[in-house]
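Visitor: Can you read through this structure? Questions will come right after.
The values are calculated or read from the model by the stated rules, or taken from the named source; none is laboratory data. Please read these numbers as outputs of a predicted model, since none were measured by experiment. Note that each Cβ is placed from the backbone with ideal geometry, even for glycine, and that neighbours are counted across all protein chains shown. Note: accessible area is taken over every heavy atom of the protein model, side chains too, but ligands, DNA and RNA are not part of it. Shrake-Rupley method; radii C 1.70, N 1.55, O 1.52, S 1.80 Å.
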Amino acid sequence: MAQRTEQISLHLNAYLTAHSSPPDAVLRELANETADLFPTETGLAIAQLTGVVSAVEVGTFTGYSSICIARGLAAGGRLLCCDISEEWTTVARKYWEKAGLSDRIELQLGPAIDTLRSLPDEEMFDLAFIDADKGGYLGYWREVVPRIRPGGLIMVDNTFSHGRVIDAGNDNPLVIAVRDFNDHAAADDRVDLVMVPIGDGLTLARKRD
């Protein structure tokens with residue numbers, strides 16, 4: 001059911017799927033309801049993270065990744081979700097309820113950049129996941145990094161832009177935005193960073209102590 005990682009073969013993708021923890025009934029139902037709209041592999045990777053006390057998600061859509069993050073929260077942990085769509089987050093709310101996670105998740109509807117800028121200017125999150133409009137990635141990064149605690153993790157999805165980031169002749173504004181973000185993040189001396197070939201590319205950045 002999961003959309004396969006774009007940069008590997010079908011056979012290798014089947015192998016890695018067979019050797020990964022499968023989604024449970026709630027996640028399968030959510031993926032079926034919004035079939036072909038989003039990949040699920042990233043969410044499964046997030047699900048392995050545990051012990052996070054405070055997390056923020058930029059771009060919630062129908063809630064798959066937020067469920068995975070919220071399940072990994074430590075006792076009393078909270079997840080702040082930022083999204084602009086009432087329509088898609090209505091689906092998310094339904095599945096948060098089904099998963100028994102509504103009490104751990106706060107949804108802020110509106111431009112995510114405004115939500116982030118309204119937060120205290122201090123280190124307050126252990127984990128951030130960015131998967132929203134690609135043109136906004138650099139702005140989100142600039143707001144998120146100062147608010148991540150030392151040792152905290154920032155994950156940014158779709159950083160391959162379907163493989164187009166390496167095509168120097170591609171002048172699509174969204175591709176340029178992702179390419180500019182990748183260059184900026186890689187040069188940011190506040191983090192240690194790696195890009196991994198999951199889905200459409202996943203950047204993992206650990207805030208330096």
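Visitor: Taking the solvent-accessible surface of protein heavy atoms with a 1.4 Å probe, what is the per residue accessible area of region 43-129 in Å²?
Guide: It amounts to 43 Å² per residue over region 43-129.
Visitor: With a 10 Å cut-off between alpha carbons and a GNM built on the chain, which of ALA55, ALA187, ALA70 moves the most?
Guide: Per the Cα network of the chain with a 10 Å cutoff, ALA187 tops the list.
Visitor: So, counting K/R as plus one and D/E as minus one, what does the shell of residues with Cβ under 14 Å around ASN182 add up to?
Guide: Result for the neighbourhood of ASN182: -3.
Visitor: In square nanometres, what is the average projected area of the Cα convex hull of the chain?
Guide: Working: hull surface 45.8 nm².
That works out to 11.5 nm², a quarter of the Cα hull's surface.
Visitor: Could you sort the peptides 75-85, 58-68, 123-133 by per-residue average Cβ neighbour count (10 Å cutoff), highest mean leading? Working shown, then result.
Guide: Values: 75-85: 18.5, 58-68: 25.9, 123-133: 21.7.
So the order, starting with the most tightly packed, is 58-68, 123-133, 75-85.
Visitor: Given Cβ point charges of +1 (Lys, Arg) and -1 (Asp, Glu) and nothing else, what value in debye, to the nearest 20, does the dipole of the chain about its Cα centre take?
Guide: On the way: 19 positive and 31 negative charges, 92 e Å.
The calculated dipole for the chain is roughly 440 debye.
Visitor: With a sphere of radius 12 Å drawn around the Cβ of CYS81, what net charge do the other residues whose Cβ falls strictly inside it have (Lys, Arg +1; Asp, Glu -1)?
Guide: -1
Visitor: Continuing with this model, one more query. With each pseudo-label sitting 7 Å past Cα toward Cβ, what's the LEU109-ALA18 distance in nm, one decimal?
Guide: About 4.5 nm separates the two model spin labels.
Visitor: Mind checking which lysines have their C-alpha under 22 Å from LYS207, skipping anything on the same chain fewer than 8 residues away?
Guide: LYS134
Visitor: For the chain, what does the helix formula give at 222 nm: sum of -39500 (n - 2.57) over DSSP H segments with n ≥ 4, over the residue count, nearest 500 deg cm²/dmol?
Guide: Value at 222 nm, helices only: -10000 deg cm²/dmol.
Visitor: Figure the gain on full extension for LEU193 and ALA74 (residue separation times 0.36 nm, minus the Cα-Cα span) and round it to one decimal in nm.
Guide: Working: separation 119, 0.36 × 119 = 42.84 nm, distance 2.45 nm.
The LEU193-ALA74 span can extend by a further 40.4 nm.
Visitor: Points 7 angstrom from Cα along the Cβ direction at ASP121 and ARG164: gap in nanometres?
Guide: Reported label-point gap for ASP121 and ARG164 is 3.6 nm.
Visitor: If you take every residue apart from SER161 with its C-beta less than 10 Å away from the C-beta of SER161, what net charge results, scoring Lys and Arg +1 and Asp and Glu -1? Don't skip to the end; give the middle numbers.
Guide: Details: positive: LYS134, ARG164, ARG179; negative: ASP167, ASP200.
Its environment carries a net charge of +1.
Visitor: What's the carbon and sulfur percent of the chain's accessible surface, probe 1.4 angstrom, rounded to a whole number?
Guide: 54
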